[in-house]
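Working notes for the structure below.
The values are calculated or read from the model by the stated rules, or taken from the named source; none is laboratory data. Everything numeric in this text was worked out from a predicted model, so none of it was measured. Here the Cβ positions follow ideal geometry from the backbone for every residue, glycine too, while neighbour counts run over all protein chains shown.
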Amino acid sequence: MDASLSSDDDSPHELSIVVDEISDEPPNQHELGESQLNEILQAVRCTLDRHERAAAAISIRIVSDDAIAELHQRMMDIPGPTDVLTFDLSDDHPQDATAEISKVEGDIVISIDTAAREAKNRNHPLLHEIMLYAIHATLHLLGFDDINEEDAVRMHAEEDDILKALGIGAVYGRPVT
């Protein structure tokens with residue numbers, strides 16, 4: 001499945017999402033339709049609006065574990081796949097989540113394979129897991145971090161608050177089954 005979608009509204013947020021051809025899985029295993037891609041973009045838009053960011057240019061790419069593992073190794077020198085990678089392309093780089101930046105710019109890469117495993121383990125839809133990753137990455141672009149425990153708790157609470165505002169409810173906080 002090779003699909004893409006861009007924001008076509010009058011929003012100051014330039015958002016796009018691309019789903020790469022995922023050939024490792026059986027057909028339709030991880031299919032995302034246009035309405036689901038729009039929901040992912042809405043999650044990013046909600047995150048930006050909640051943090052009063054008037055302008056943004058964010059590209060989201062959904063890839064396989066193999067593709068994200070290659071990027072993880074090349075960009076961070078860490079072997080193996082990960083759930084999501086965030087690349088800040090802004091000229092301004094905030095030191096914390098309260099710092100002002102003129103325009104949020106970045107690339108987000110999400111592993112659909114990792115999202116599918118986690119969604120199954122946590123017993124919720126794949127879309128909700130991908131939305132969590134998109135929100136998480138957008139929060140990184142806004143200056144949030146999750147390196148230490150205090151910051152991680154704050155960031156994950158913010159993710160769940162955004163998902164609640166979208167009518168989904170907590171995703172990160174759900175227990176693994």
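Of note:
- Matching residues in the stretch 146-168 - criterion: being surrounded by fewer than 20 Cβ atoms within 10 Å (Cβ to Cβ), assigned to a helix (DSSP H, G or I) and among the β-branched types (Val, Ile, Thr): Val153
- Taken together, Gly80, Gly143, Gly106 contain a single residue that is without any contact (Cβ under 8 Å) to a residue 12 or more places away in the chain and either outside any helix (DSSP H, G or I) or in contact with an Asp or Glu (Cβ under 8 Å, 6 or more places away or on another chain) (or both), which is Gly80.
- Checked against the criterion of being under 27 Å from Asp66 (Cα atoms), touching a Ser or Thr at 6+ places or on another chain (Cβ under 9 Å) and in contact (Cβ under 8 Å) with a residue 60 or more places away in the chain, the stretch 117-136 has at least one qualifying residue.
- Tally, over the stretch 141-177, of residues that are of a type outside the set (Asp, Glu) and either at pLDDT 90 or above or touching a strand residue (DSSP E or B) at 6+ places or on another chain (Cβ under 7 Å) (or both): 19
- Answer residue from the stretch 45-63, given it is out of contact with any strand residue (DSSP E or B) (no Cβ under 6 Å at 6 or more places or on another chain) and assigned to a helix (DSSP H, G or I) and is nearest to Phe144 (Cα to Cα) among those: Thr47
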